[in-house]
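J.: Attaching a single structure in structure tokens format; questions to follow.
The values are calculated or read from the model by the stated rules, or taken from the named source; none is laboratory data. Since we're looking at a predicted model, the values are computed, not measured. Cβ sites come from the backbone with ideal geometry, for glycine too, and all protein chains shown count toward neighbours.
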Amino acid sequence: MERFLWICFAGALGTGTRYLVGLWASRNLGTAFPYGTLIVNIAGCFLIAVVMHASIKIAGFPTNLRLALTTGFMGGLTTYSSFNFETTKLFEDGVPRTALLNFGVTTAACFAAGILGLTLARRVLGA
């Protein structure tokens, strides 16, 4: 039960973070492109790579902490369902180039962020 509560608590923090990033992105970058979703997806891909590698390399890394950070916080932070909806809506709104741009940038940047996160974690913690 304790593990479940930590995951739920961390998920709420991730969701709140996603909301605040979305507000910041709308105010500072505009609303013509889903910047907030892009930012949290890239950050989530980077962070999950770092945490998963750390949990493998650091002896005694607490299982509850790993699950709270990955399943909880990053589960609340990343928004692939929003990404899918927003991309589909761009197609429906008659801007297929923007939809394809969103798909391409998000996919490539999240892949790159995951590789970067894993590379950083390996350099700091060892392969």
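J.: Looking at (1) part of a helix (DSSP H, G or I); (2) at pLDDT 95 or above, which is the one condition that is false for GLY94?
T.: (1)
J.: Identify, by number, the condition in (1) surrounded by 14 or more Cβ atoms within 10 Å (Cβ to Cβ); (2) in contact with a Cys (Cβ under 8 Å, 6 or more places away or on another chain); (3) farther than 20 Å from GLY14 by Cβ; (4) not basic (Lys, Arg) that PHE111 doesn't meet.
T.: (1)
J.: Looking only at the range 78-92, how many residues end up being in contact with a Ser or Thr (Cβ under 6 Å, 6 or more places away or on another chain) and of a type in the set (Ser, Thr, Tyr)?
T.: So the count comes out to 2.
J.: Can you name every one of the helices (runs of 4 or more DSSP H) wholly within the range 1-84 that holds 1 or more residues which are within 18 Å of PHE103 (Cα to Cα) and touching a residue at least 40 places away in the same chain (Cβ under 8 Å)? Write out each step before concluding.
T.: Details: elements: 2-29, 35-57, 63-67.
Counting at least 1 such residues, we get 35-57.
J.: Of all residues in the range 72-92, count the ones that are under 22 Å from TRP6 (Cα atoms) and either β-branched (Val, Ile, Thr) or touching a strand residue (DSSP E or B) at 6+ places or on another chain (Cβ under 9 Å) (or both). Let's see the steps before the verdict.
T.: Going through the range 72-92, the residues under 22 Å from TRP6 (Cα atoms) turn out to be 72-79.
Filter again for either β-branched (Val, Ile, Thr) or touching a strand residue (DSSP E or B) at 6+ places or on another chain (Cβ under 9 Å) (or both), leaving 78-79.
Going through the range 72-92 one residue at a time, the tally reaches 2.
J.: Quick test of your reading of the structure: ASN64 fulfils all but one of (1) under 14 Å from VAL50 (Cβ atoms); (2) at pLDDT 95 or above; (3) among the polar types (S, T, N, Q). Name the failing condition by number.
T.: ASN64 satisfies all of (1) under 14 Å from VAL50 (Cβ atoms); (2) at pLDDT 95 or above; (3) among the polar types (S, T, N, Q) except (1).
J.: Here is a follow-up. Condition first: among the charged types (D, E, K, R) and either loosely packed, with under 11 Cβ neighbours inside 10 Å or within 17 Å of ASN41 (Cα to Cα) (or both). Now tell me which residues in the range 78-99 satisfy that.
T.: At the first step, the residues of the range 78-99 found to be among the charged types (D, E, K, R) are 86, 89, 92-93, 97.
Hits for the range 78-99 are GLU86, GLU92, ASP93, ARG97.
J.: I would also like to ask the following. Test THR107 against the stated conditions and say whether it is out of contact with any helix residue (DSSP H, G or I) (no Cβ under 9 Å at 6 or more places or on another chain), in a helix (DSSP H, G or I), within 30 Å of ALA127 (Cβ to Cβ) and not charged (D, E, K, R).
T.: Numbers: out of contact with any helix residue (DSSP H, G or I) (no Cβ under 9 Å at 6 or more places or on another chain): yes; in a helix (DSSP H, G or I): yes; within 30 Å of ALA127 (Cβ to Cβ): yes; not charged (D, E, K, R): yes.
So THR107 fits the description; yes.
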